[in-house]
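Please treat every number below as a calculation from the coordinates, not as lab data. From a predicted model like this one, the values you see are computed outputs, not experimental measurements. Here the Cβ is made from the backbone with ideal geometry for all residues, glycine too, and neighbour counts use every protein chain on show.
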Amino acid sequence: MPEFRTSPGFRDLLHPASSRQRAFVDAFASIVEAAGFELVVPPLLEDVGVFRRLGEATDVVTKEMYDFVDKGDRHVVLRPEQTAGVCRAFVEHRPAVPWKAWCFGPNFRYERPQRGRYRQFEQVDVEVLGTDDPQADVEVIALGWRFFAALGLSQVRLLVNSLGTSDERLAHMESLRTYFEGRAGELSEQSRATLARNPLRVLDSKRAEDEAVIAAAPPVSESLGDESSAHFAAVLAGLDALGIPYDVDDRLVRGLDYYVRTTFEYAGGTLESAQNALGGGGRYDGLVEDLGGPSTPGIGLALGVDRTLLACDDEGVFPAPIRAADVFVVDVTGGTNATSLTDELRQLGYRAERAYDGRSMRSQMKAADRSGAELAVIYAPDELADGSVVVRRLRDDGEQFTVPIDGLATTLAEHLDSLISNTGPKTR
Ligand code: AMP
């Protein structure tokens with residue numbers, strides 16, 4: 001038993017899981033950068049006040065924050081999500097609007113760890129600040145949808161809803177309060193406690209005993225004014241125009257309090273219901289102002305990397321990239337030949353690997369096979385005396401030939417280019 005292990009809900013990712021996570025972020029980057037989003041890298045640590053608007057009654061704020069007082073007496077928190085930090089950065093730097101930003105990285109919530117739920121988890125995220133055009137909502141929702149398709153996922157459901165303006169949301173909350181108070185006796189004990197803090201959050205309950213009461217609760221659509229209804233209709237029409245299927249779910253409130261008007265969620269078809277949200281988002285038109293900035297509408301989306309990858313496992317898509325070398329340099333003559341040749345090949349842009357510790361020819365050839373390389377370059381005493389090396393193809397026919405050491409890296413590069421173009425592109 002090692003003395004130190006990761007804390008519950010925290011994980012080490014080694015290859016191939018680590019490479020897969022990186023490929024995931026790269027795939028997301030290429031989709032959102034093609035749509036004009038710029039990368040923003042906010043710090044992991046923020047003033048605790050930045051997250052106040054997630055909701056004084058949300059578990060994220062009341063129970064799950066990794067907050068502490070630092071050595072300078074600042075009350076800080078490891079970010080539980082990314083939107084509020086991006087909005088804080090917007091207020092601090094005031095980039096031109098519309099500001100289309102994307103980010104990725106870890107978030108921290110003190111949750112009960114289980115499959116698809118960790119205390120440190122990764123999200124990728126996009127935010128559009130400075131426009132309340134419903135087409136921006138459509139663009140953001142569509143980006144997530146297209147990204148899931150690009151991963152190869154086919155069992156994702158898109159749920160959409162509108163919560164109305166903050167006044168309408170408040171009105172809805174009051175009608176929910178009246179309704180739930182009337183049926184409080186039928187609710188679970190936990191939901192009764194939630195009701196006292198925020199009746200909207202009762203809708204988040206996944207407990208079986210609450211199901212019937214929630215199903216009959218007044219829908220938010222009853223509280224929407226004309227403008228909110230028109231905005232929502234434009235969002236739905238935009239999704240129709242793109243051929244993106246969705247279900248309107250008027251119980252969808254999402255777990256954070258800053259959402260107004262459009263909210264949406266992507267539900268994975270293969271995961272258990274408590275952990276089936278692959279991601280989601282919505283409008284947060286008042287958030288920038290709450291953080292001390294000018295009134296600025298915003299809409300964003302956050303996708304959980306870990307959970308989406310679990311859905312990929314279930315559907316058998318988006319495997320970890322294969323990490324294969326191009327060349328493996330075998331040297332049984334000692335000295336620095338392998339060091340020099342791998343260095344030269346790497347400078348030419350190839351993946352070159354080698355063995356260490358002066359191992360036997362047999363053991364180095366085994367390592368060469370394991371590396372997945374196309375070619376092995378073998379420094380053997382006889383050929384070396386003639387100023388040449390043996391080059392062996394490690395796949396297909398295992399063909400072998402001698403090549404002069406003079407100009408070796410260039411000769412190898414030519415061979416590799418023709419091999420790579422014959423076998424098709426490899427993840428480089
Ligand atoms: P939220 O920021 O709560 O809207 O969550 C957005 C997405 O992040 C969720 O749909 C999940 O995929 C992911 N997520 C949230 N909390 C966790 C967690 N504790 N562990 C793993 N993924 C999470």
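Starting from the Cα-Cα distance between ARG74 and ARG11, subtract it from 0.36 nm times their residue separation and give me the gain in nm to one decimal.
19.9 nm
Per residue, the average separation of C-alpha pairs within less than 8 Å and at least 6 apart gives the stretch 137-283 a relative contact order of 38 percent. Fully extending the segment from ARG207 to GLU38, taken as 0.36 nm per residue of separation minus the present Cα-Cα distance, adds 56.8 nm.
A simple spin-label model places the labels of GLU189 and SER340 7.7 nm from each other, with each point 7 Å out along Cα-to-Cβ. Label-to-label distance for ALA196 and ALA216 is 2.5 nm, based on points extended 7 Å past Cα in the beta-carbon direction. With the Kirkwood sum run over all distinct C-alpha pairs, the stretch 64-155 has a hydrodynamic radius of 15.6 Å. A straight chain from ALA233 to ASP386 at 0.36 nm per residue would run longer than the Cα-Cα distance by 47.2 nm. For labels at ARG323 and SER30 in the simple 7 Å Cα→Cβ model, what's the distance in nm? The answer from the label model is 2.0 nm. Per the Cα gyration tensor, the stretch 147-200 maps to an equivalent ellipsoid with semi-axes of 32, 17, 8 Å, ordered largest to smallest.
Of all beta bridges that DSSP places with both ends in the stretch 320-428, some 55 percent have antiparallel geometry. Using the average count of surrounding beta-carbon atoms within 10 Å as a protection proxy, the listed peptides 151-158, 52-59 rank, highest first, as 52-59, 151-158. Given q = 0.12, 0.16, 0.18, 0.25 Å⁻¹, what are the Debye log10 I(q)/I(0) values for the stretch 337-428, with equal point scatterers placed on the Cα positions and solvent ignored? Those come out to -0.35, -0.65, -0.84, -1.72, one per q. Helix 337-347 and the long axis of the chain differ in direction by around 40°, with both axes built from C-alpha atoms.
For GLY105, the amide hydrogen comes within under 5 Å of the amide hydrogens of GLN123, counting only partners 5 or more places away or on other chains and with H modelled in the peptide plane. Here LYS63 is the anchor, and the aspartates and glutamates within straight C-alpha reach of less than 13 Å, apart from those fewer than 8 places off in the same chain, are GLU111.
Evaluate the Debye formula for the stretch 21-66 with equal point scatterers sitting on the alpha carbons, no solvent, and hand back log10 of I(q)/I(0) at q = 0.21 Å⁻¹, in q order, two decimals. Treating every Cα as an identical point scatterer, log10 I(q)/I(0) equals -0.79. Per-residue ellipticity at 222 nm computed for the chain from its helices equals -11000 deg cm²/dmol, with DSSP H segments shorter than 4 residues left out and the rest contributing -39,500 (n - 2.57). Antiparallel beta bridges, as assigned by DSSP with both residues in the chain, represent about 80 percent of the total such bridges. To the nearest 10 degrees, how steep is helix 17-34 against the longest Cα principal axis of the chain, on a 0 to 90 scale? Orientation of helix 17-34: about 70 degrees from the principal axis.
To the nearest 0.05, how large is the calculated FRET efficiency for ARG177 and LYS366 if R₀ is 56 Å and r is the Cβ-Cβ distance?
Calculated value: 0.20.
When the Cα atoms of the stretch 1-129 are aligned to their principal axes, the ranges along those axes come out at 53, 40, 28 Å in descending order.
Can you give me the relative contact order of the chain as a percent, contacts being Cα pairs under 8 Å and 6 or more apart? Intermediate values should be presented prior to the final figure.
Working: 732 pairs, mean separation 63.8, N = 428.
It comes to 15 percent, rounded to a whole number.
The rule of thumb for compact globular proteins, 2.2 N^0.38 Å, goes into the C-alpha radius of gyration of the stretch 178-294 1.19 times. Using a 7 Å offset from Cα along Cα-Cβ at GLU272, what residues in the stretch 306-341 end up with backbone N under 16 Å from the label point? Answer for this model: 307-308, 310-311, 314.
Across all directions, the average flat footprint of the convex hull enclosing the Cα atoms of the stretch 276-368 is 12.1 nm². Between helix 305-315 and the chain there is an angle of about 70 degrees, using the helix long axis and the longest principal axis of the Cα atoms. Counting only Cβ charges, +1 for Lys and Arg and -1 for Asp and Glu, the dipole size of the chain around its Cα centre is about 980 debye. Over all other residues within a Cβ to Cβ distance under 12 Å of THR333, the charged ones net out to -3, with Lys and Arg as +1 and Asp and Glu as -1. Above 31 Å, the calculated P(r) of the chain contains 52 percent of its Cα-Cα pairs. Over the stretch 48-200, Cα pairs under 8 Å with separation of 6+ residues give a relative contact order of 16 percent.
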